[in-house]
1. Hey, among the residues in the stretch 68-83 that are out of contact with any Lys or Arg (no Cβ under 8 Å at 6 or more places or on another chain) and either within 20 Å of Ile119 (Cβ to Cβ) or open to solvent by 20 Å² or more (accessible area, probe 1.4 Å) (or both), which one's modelled with the lowest pLDDT?
2. Considering only residues that are crowded, with 20+ Cβ neighbours inside 10 Å, closer than 28 Å to Glu167 by Cα and touching a Lys or Arg at 6+ places or on another chain (Cβ under 6 Å), which ones fall in the stretch 185-228?
3. Limited to the stretch 16-51, what total is found for residues that are farther than 30 Å from Gly211 by Cβ and in contact with a helix residue (DSSP H, G or I) (Cβ under 7 Å, 6 or more places away or on another chain)?
4. For Gly86, only one of the following conditions fails: (1) modelled with pLDDT of 90 or more; (2) open to solvent by 40 Å² or more (accessible area, probe 1.4 Å); (3) at positive phi. What is its number?
5. Return the pairs, sorted by first residue and then second, in which the second residue is outside any helix (DSSP H, G or I) and open to solvent by 60 Å² or more (accessible area, probe 1.4 Å), the first residue lies in the stretch 45-58 and is more than 13 Å from Thr196 (Cα to Cα), the beta carbons are less than 7 Å apart, and the residues are 6+ apart or on different chains.
6. Scanning the stretch 19-49 for residues that are open to solvent by 50 Å² or more (accessible area, probe 1.4 Å) and part of a helix (DSSP H, G or I), which turns out modelled with the lowest pLDDT?
7. So Tyr177 clears everything in (1) surrounded by 18 or more Cβ atoms within 10 Å (Cβ to Cβ); (2) modelled with pLDDT of 90 or more; (3) out of contact with any helix residue (DSSP H, G or I) (no Cβ under 7 Å at 6 or more places or on another chain); (4) part of a loop (DSSP other than H, G, I, E, B) except one condition, right? Which one?
8. Would you kindly identify the helices (runs of 4 or more DSSP H) lying entirely within the stretch 201-259 that contain at least 1 residues that are in contact (Cβ under 8 Å) with a residue 12 or more places away in the chain, among the small types (Gly, Ala, Ser) and over 15 Å from Arg68 (Cα atoms)?
Amino acid sequence: IATQAAVATALLISATLLLMSFWRLGLVPLGFDGNKVAVMELRLLNPARYRQGFAIPQFQSDLLARVRAVPGIADVGLASAVPFTGFDRPIGMIRPEVGTQIIVRERVVDPGYFSVLRIPIVRGRGLTQTDRAESTPVTVISESYAKSAFGTENPIGKTIGSDPGLEVVGVVGDTRYAGLEQDPTPAIYINREQQTRPLFDIIFRTDANTGLAAVTPAVRQIVRELDPTLPTVTFQTIDRIIDASVANRRFYTVATVAF
């Protein structure tokens, strides 16, 4: 009886701690709103079709325009990676005037990316359609990178990187990308018009009265019409991706509570 009581007490304490930890994890600020947001990954790797430099941007522009017109879709954008999934490339970014290098996460996005995920612009402006391949290379940086690289100095109009460098036009709020347990990392955002990627995600937010199932067939049909050779398109919601990221912790918590 004493042994059983000791084991039960240990399990009770462990279960309580795990439950409190899991509950607090759910309260962690994400820096974005993933409610009613879906993600679709595309790989434009056909060399015969996408060898020319303008082919991928043209495909992306056509895709955005047609998906935006689907009834029930409120907003749409593109990204090289979305929170909790995909590859977020780390690079060393230097300030030419001071020579300080900081490791940041580079994300290539469409101007609509910030509005889809409702990431706040805290200073300056976001990326726009006027940031073209032939115009001055620009970037939007995260708050944590602005604080690390510029301190209290206003970063708007400053240049980061080299050859030829990127002009900072805006600062956005930090977002958690790797997981709920990891703090946001410094990041920069570049317009997809100025840095083309053949592997990207299209993200879209449905309106309040429309579910993902209602728009999925239309989006699949658009992709097939634009390029029938692309592999089968799969959809995920941001909420489901976040939920999957804590699956192991949830299992351990539930198992401990059950015991």
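1. Val82
2. Ala187, Tyr189, Glu193 - these are the residues of the stretch 185-228 that are crowded, with 20+ Cβ neighbours inside 10 Å, closer than 28 Å to Glu167 by Cα and touching a Lys or Arg at 6+ places or on another chain (Cβ under 6 Å).
3. Qualifying residue count, the stretch 16-51: 4.
4. All conditions are met except number (1).
5. Asn46/Thr229
6. Phe22
7. Failing condition for Tyr177: (2).
8. Ranges flagged: 238-245.
The values are calculated or read from the model by the stated rules, or taken from the named source; none is laboratory data. Keep in mind that this is a model prediction, so the values were computed, not measured. Ideal geometry is used to build each Cβ from the backbone, glycine not excepted, and the neighbour counts take in all protein chains shown. All accessible areas refer to the heavy atoms of the entire protein, side chains included, with ligands and DNA or RNA removed. Shrake-Rupley method; radii C 1.70, N 1.55, O 1.52, S 1.80 Å.
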